[in-house]
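One structure below.
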Amino acid sequence: MGKRELLANVLESTHAGSLLSSTVAQWNGVVVFNYHRIGDAKKSKFDRALFSATQEVFEKQVRFLKQNFDVIGVNDLQKALHDPTSQSVLITFDDGYLDNYEVAFPVLQQFDATALFFITSGYLDERTLSWWDEIAWMIRSSELKQIDWPEIFVDPLSLDNATHIRIAIRKVLLKLKSLPEELVNDFLDTLGTVVGTGRCPHDDADRLWMSWDMVREMDQAGMGIGGHTVTHPVLANCDTDRQMHEIESSKRRIEEELGHEITAFSYPVGQQDSFTYETQAILQEVGYLWGFSFYGGYCPAMRFEQYDLKRMPVEQRMESNLFQSVARLPQIFARK
């Protein structure tokens, strides 16, 4: 357990966090929590790191936020970010996974809460696997004891236990994220050959994603919908034309399905090196008002960056006390 977790445990167990948040350590602005999937990661043959919480944990988190903060939607963002007295929370989800509709949406309705769902439009249209899920599937399905790929990794990647498999998936994902976009498909082809599985059949993807009917239902129920590109590339690794296509085409496609404009976008991967000033300029050019990153932090009132709104990842290993401390004292705890 790290120092941040230890401090969070002390503050929450003594109720000092709540007191500090309302007095000497008071903050103002918006804390944005970001999720990907809700459910039991152990049951998935795909990327288990994408599971942010179980349904039970998510229920506890939403209940806590509703009891202690103003849980806002995307239409409230402008006001909250310009209100020097605001202590607001925004819940967001990336990608468009089916469990967002089947699990998260009912929980949000149960607590009369809203959230903003960023949709990768091509996955809903084509019903294809994401590159991260396909990498996880290939490595988990391999019968090898190690990955020998000297052109990419100096040392073999062990697959002899669950921990090593998890580490191998992370290393392969990190390598893919560093590649120019035009090399990604060849990389995946070669990985399938190296691990002996071939590429994952895309039939397995059909039950991964929401349908457009589901997205429309959530939209009509008061959830926010935003853009997350067409195919989820790392935009900083794309040329200008590809960036424009990914950003503008996904916006147009989502608006076509919803029948109204969308104003928010989240950068795939979302780290500081995952998007550029050019990416931000494209967002503004096509009509987005907001761009969300994914490398920690929060959005202080009057001191926010319109096309780099900071989000805190919610991960399986995040204990309840740390989650609560991030919300109460983001200036101390809202970092990755």
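The values are calculated or read from the model by the stated rules, or taken from the named source; none is laboratory data. Since we're looking at a predicted model, the values are computed, not measured. Neighbour counts are summed over all protein chains in view; Cβ atoms, including those assigned to glycine, are modelled from backbone coordinates with ideal geometry. With ligands, DNA and RNA removed, areas are computed over all heavy atoms of the protein, side chains included. Shrake-Rupley method; radii C 1.70, N 1.55, O 1.52, S 1.80 Å.
When the residues Lys177, Lys310, Lys45 are ordered by accessible surface, computed with a 1.4 Å probe over the protein chains alone, the sequence from largest down reads Lys45, Lys177, Lys310.
Taking the charge dipole of segment 80-167 about its Cα centre, with +1 at Lys and Arg Cβ atoms and -1 at Asp and Glu Cβ atoms, the residue from Leu108, Gly96, Met138 reaching farthest to the positive side is Leu108.
Charge tally around Gly29: other residues with Cβ under 11 Å, Lys/Arg +1 each, Asp/Glu -1 each, net +1.
Classification of segment 1-115 by its C-alpha gyration tensor yields an oblate form. The axis ratio a/c (a ≥ b ≥ c) is 1.5 or more, and b/c is at least a/b.
Can you sort Met318, Met302, Met210 by 1.4 Å-probe accessible area, starting with the largest?
Solvent-accessible surface, decreasing: Met302, Met318, Met210.
Using a 1.4 Å probe over the heavy atoms of the protein chains, calculate the carbon and sulfur portion of the accessible area of the chain as a whole percent. Working shown, then result.
Working: 7320 of 15150 Å².
Heavy-atom surface of the chain belonging to carbon and sulfur, 1.4 Å probe: 48 percent.
For the chain, leaving out every one of the GluC sites (Glu not before Pro) that falls in a DSSP loop and has at most 14 other Cβ atoms within 10 Å, the longest unbroken run is 1-142. Computed over protein heavy atoms with a 1.4 Å probe, the accessible surface of the chain works out to 45 Å² per residue.
Please go through the residue pairs Lys3/Lys43; Lys177/Lys310; Lys42/Lys171 and name each one whose alpha carbons sit more than 22 Å apart in this structure. If you can, show how the numbers build up before the last one.
Details: Lys3/Lys43 32 Å; Lys177/Lys310 20 Å; Lys42/Lys171 20 Å.
Over 22 Å Cα-Cα: Lys3/Lys43.
Taking all protein chains together and rolling a 1.4 Å probe, Leu258 ends up with roughly 30 Å² accessible. Quick one: helix 55-68 against the long Cα principal axis of the chain, what's the angle to the nearest 10°, folded into 0 to 90? In the chain, helix 55-68 runs at an angle near 30 degrees to the longest axis.
Going by a ≥ b ≥ c, the root eigenvalues of the Cα gyration tensor, does segment 197-336 fall in the rounded group (a/c under 1.5), the prolate group (a/b larger than b/c) or the oblate group? Before the final figure, lay out each step's value.
Working: a/c = 1.42, a/b = 1.25, b/c = 1.14.
It is rounded, given that a/c, with a ≥ b ≥ c, falls under 1.5.
Annotation: amide H-H contacts under 5 Å for Val71 (H modelled 1.01 Å from N, sequence separation of 5 or more, or interchain): Val89. Rolling a 1.4 Å probe over the protein heavy atoms leaves Ile165 with an accessible area of roughly 30 Å².
A simple count of charges around Glu256, restricted to other residues whose Cβ falls under 12 Å of its Cβ and scoring Lys, Arg +1 and Asp, Glu -1, yields 0. Extension gain for Gln109-Glu5 works out to 34.4 nm (0.36 nm per residue, less the C-alpha to C-alpha distance).
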